[in-house]
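J.: This is the structure, below, for whatever I ask next.
Rule-based calculations on the coordinates, nothing more; no lab input. Predicted model only: the values in this text are computed from it and were never measured. Every residue, glycine among them, receives a Cβ derived from its backbone with ideal geometry; neighbour counts consider all protein chains shown.
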Amino acid sequence: MTLTHAEYSQIGAKISPNGQAFIDGAFCDAADGTTFETTNPATGDVLARVAHCKAADVDRAVKAARRVFNDGTWSRAEPEHRKEVLLKVAALVREHAHELAVLESLDTGKTINDCMDEIGGDVPNFFQWYGELADKTFGKIAPTGPGALALITKEPAGIAGAVLPWNFPLVMAAWKIAPSLAVGCSAIIKPAEQTPLSVIRLAELMQEAGVPDGVINILPGYGETAGQAIGLHNDIDTVSFTGSTEVGRMFMRYSGDSNLKGVGLEMGGKSPFIVLDDAVLDDDLIEHAAMSAFWNGGQNCSANMRQLVAAPLVEEFTGRIIERVKAFKLGDPLDPATDIGSMITKDHKSMVMEYIQSGVDEGAKMVTGGGSDLPGYFIEPTVFQNVTPSMKIAREEIFGPVLGIMPFETAEQALAVASDTEYGLHASVFTQDIDKAIHMARALPCGTVSVNGFSEGDIKTPFGGYKQSGSLARDNGTEALEQYLQTKTIWIQTKPG
Ligand code: NDP
């Protein structure tokens, strides 16, 4: 249920966030007692001091996670029991959705509407869906002659690490925690330093739901401290990471330098939104174009920043996009009337502003947006036309509210420009011709292609990237379970009866 601005503000005023780590079923400080601040990016106010976990804390959490994994309380529990507990987590998140959504909005600067969609919907749905899978995930029996029975069984990988980004804190936590716990792993979670609060609160709800001590551990800290310690730990069996390609590479190295743990990576993107010449420029298409670039203030790995539009349509498309974008309202993220909240930090705002300046310097034409006078780290949704494929804003991930329009002559030219990137996460294609749609969808080198609508898919469909957007691992769908499972063959020699 949507509340009013005043009601969300009242909830916010009452929240007193906990910044402690959660290790072995108890809240605690970092072993060395150090803390860091987390702030509200829309106001600059300090929200809480947060435990700064380091290698010693990670090690303590891993020992607890290993103890409980080995004693089987969770890893060998009846699958129906794990299901029941994860369904309870889902129910508790729904029950506390308003409080969690306000906490998320305060810590991230995301709009309350987005936070409610995520925490009232996506997050509990993940716990429910993977909870339901706990007693429906089977191995296989391979065909053999009469002298053997060959069982291909699935076992939990062991201890799963997860290092999370700041753009969807609780959604990303659910993406990693729900499938790993459903199959019986214990989890070590590091939220991003900018956005630890909702994930810490989730731990409390998970304990209330009946997740045993040691199965879920939350270690706030910096990448260079807690993140690196997770990557290098010799007793973590698999790690799932979402964030920048640069740090994703480090997790590959950490694995090579330690115990060769499994590494699942979901990283950046530079996704195209392609409007072929037969597409109908109706309100629906324009809404998808605008949301694909500006949802979450463009702080989204699948943001369709590069908008490739067939030359005959480009003038009308540009006019209608400008009109739509000017209607977006920037402002207090807790106001349900706000469409775009704050950038995550001052530094991030500066980086996005540098990209905007580079677009101007390289000759693209800025037709709307370009900054903001609001206090906090706001940037107006910004649209460039006459963007060319070699420009910095067309090649590098901006992670902010910037949309670039690039005209093209033929579908094959659009395909070539769309594919000419080191990334391969997502693409959207608009056309009335099913054959063209299928051709483009098959040819685009990326993990998700969305036709006649911008979508990342849903809980049932795998999400991840080709090229430098990801490793072979996928989040979501039944595919996500593979990140947290081992496959064992049991070959039983039999005697003819
Ligand atoms: P990072 O990749 O730096 O951060 C993601 C996570 O990795 C955070 O938890 C971070 O910790 C951790 N981390 C950082 N450095 C290390 C390290 N040396 N070893 C282990 N873990 C580490 O992303 P940023 O937050 O710096 O954002 C930079 C850019 O990355 C963005 O502008 C965007 O382009 C991209 N990005 C992509 C995301 C996606 O969804 N694919 C999400 C976020 C960012 P901490 O933050 O606590 O220091």
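J.: Rounded to the nearest 5, what % of the DSSP beta bridges within the chain are antiparallel ones?
T.: Here the antiparallel bridges make up roughly 45 percent for the chain.
J.: Report, by chain and number, residues whose modeled amide H sits under 5 Å from the one on V451, excluding near sequence neighbours (fewer than 5 apart, same chain).
T.: V429
J.: Can I ask one more? Take segment 313-387, drop everything but the C-alpha atoms, weight them equally and run the Debye formula without solvent; then report log10 I(q)/I(0) at 0.11, 0.26, 0.27 Å⁻¹ to two decimals.
T.: Evaluating at q = 0.11, 0.26, 0.27 Å⁻¹ gives log10 I(q)/I(0) of -0.31, -1.21, -1.24.
J.: Could I ask something else about it? Return the Cα extents of segment 1-98 along principal axes one, two and three, sorted largest first, each rounded to a whole Å.
T.: 48, 38, 17
J.: Which Cα, out of I405, L100, S350, lies furthest along the positive dipole direction of the chain (beta carbon charges, K/R +1, D/E -1)?
T.: After comparing all options, I get L100.
J.: Could I ask something else about it? Give the long-range amide H neighbours of F273: residues separated by 5 or more places, or on another chain, with amide H under 5 Å away, using H modelled in the peptide plane at 1.01 Å from N.
T.: Long-range HN contacts for F273: R306, Q307, L308, S428.
J.: Each label point is 7 Å from the Cα along the Cα-to-Cβ direction; what then is the distance between the points at D458 and D278, in nm?
T.: A separation of 2.9 nm, rounded to one decimal place.
J.: Could you list L276, L100 in order of exposure, starting from the residue whose Cβ has the fewest other Cβ atoms within 10 Å?
T.: L276, L100
J.: Let me ask something additional. May I have the pair-distance distribution P(r) for segment 42-99, computed from all Cα-Cα distances with 5 Å bins from 0 and rounded to whole percent?
T.: Once binned at 5 Å, the Cα pair distances of segment 42-99 give 4, 13, 11, 13, 15, 20, 15, 5, 3, 1.
J.: Tell me whether segment 18-164 comes out rounded, prolate or oblate; compute the Cα gyration tensor, take square roots of the eigenvalues as a ≥ b ≥ c, and use a/c under 1.5 as the rounded threshold.
T.: Oblate shape, in that a/c is at least 1.5 and b/c is the bigger or equal ratio.
J.: Also: Putting +1 on Lys and Arg Cβ atoms and -1 on Asp and Glu Cβ atoms, find which of M250, A173, G369 reaches farthest to the positive end of the dipole of the chain.
T.: Of the options given, the answer is M250.
J.: When all alpha-carbon pairs of segment 69-145 are counted, what percent fall beyond 21 Å?
T.: 46
J.: Give me Rg/Rg_expected for the chain, where Rg uses Cα atoms only and Rg_expected = 2.2 N^0.38 Å with N residues.
T.: 1.00
J.: Now for a different question. Given an 8 Å cut-off on Cα distances and at least 6 residues of separation, report the relative contact order of the chain as a percent.
T.: Relative contact order here is 18 percent.
J.: For segment 272-458, just the Cα set please: Rg and Dmax, both in angstrom.
T.: 15.6, 49
J.: Please list, or write none, the aspartates and glutamates whose alpha carbon is within less than 14 Å of the alpha carbon of K140, excluding same-chain residues fewer than 8 places away.
T.: E155
J.: Which value results when the Cα radius of gyration for segment 233-314 is divided by 2.2 N^0.38 Å?
T.: 1.61
J.: In the structure shown, do any of K110/K270; K63/K349; K190/K329 have a Cα-Cα gap over 28 Å, and if so which?
T.: Checking Cα-Cα distances, K63/K349; K190/K329 exceed 28 Å.
J.: Next question, about the same structure. According to a simple spin-label model (label point 7 Å from Cα along Cα-to-Cβ), what is the distance in nm between T73 and M291?
T.: 4.3
J.: Scale the Cα Rg of segment 400-481 by the rule-of-thumb value 2.2 N^0.38 Å and send over the ratio, two decimals.
T.: 1.15
J.: Here's another thing I want to ask about it. If you rank C28, C115, C185 by fewest surrounding Cβ atoms within 10 Å, what's the result?
T.: C28, C185, C115
J.: Amide H of T39 versus every other amide H placed in the peptide plane: which residues, excluding those fewer than 5 positions away on the same chain, fall under 5 Å?
T.: L47
J.: Then there is this: In debye, nearest 20: dipole of the chain around its Cα centre with unit charges on the Cβ of K, R (+) and D, E (-)?
T.: Dipole magnitude for the chain comes out near 1620 debye.
J.: Right, another one. Rounded, prolate or oblate for segment 155-263? Axes are the square roots of the Cα gyration tensor eigenvalues, ordered a ≥ b ≥ c, and the cut-off for rounded is a/c under 1.5.
T.: Numbers: a/c = 1.90, a/b = 1.23, b/c = 1.55.
It comes out oblate by the Cα gyration axes.
J.: Exposure proxy check: D24, D373 ranked by fewest other beta carbons within 10 Å?
T.: Numbers: D24 18, D373 6.
Ascending Cβ contact count within 10 Å gives the list D373, D24.
J.: Right, something else. Roughly what percent of Cα-Cα pairs across segment 350-390 reach past 15 Å?
T.: Working: 317 of 820 pairs.
Tail of P(r) above 15 Å: 39 percent of Cα pairs.
J.: OK, next. Relative to the longest principal Cα axis of the chain, at what angle does helix 346-361 sit, 0 to 90 degrees, rounded to 10?
T.: Approximately 40 degrees, to the nearest ten.
J.: Further, regarding this structure: Using a simple spin-label model with points 7 Å from Cα along the Cα→Cβ vector, what separation in nm is obtained for D420 and S9?
T.: If labels sit at D420 and S9, their model points lie 5.1 nm apart.
J.: Okay, next question. Helix-derived [θ] at 222 nm for the chain: sum -39500 (n - 2.57) over DSSP H runs of at least 4, divide by residue count, nearest 500?
T.: Computed mean residue ellipticity for the chain: -11000 deg cm²/dmol.
J.: What dipole magnitude, in Debye to the nearest 20, does segment 49-199 give about its Cα centre under +1 on Lys/Arg Cβ and -1 on Asp/Glu Cβ? Walk me through the numbers on the way to the answer.
T.: Working: 17 positive and 18 negative charges, 134 e Å.
It comes to approximately 640 debye.
J.: While we're on this one: Answer rounded, prolate or oblate for segment 215-360, using the Cα gyration tensor with square roots of eigenvalues a ≥ b ≥ c: rounded when a/c is under 1.5, else prolate when a/b is larger than b/c, else oblate.
T.: Note, shape of segment 215-360 comes out prolate.
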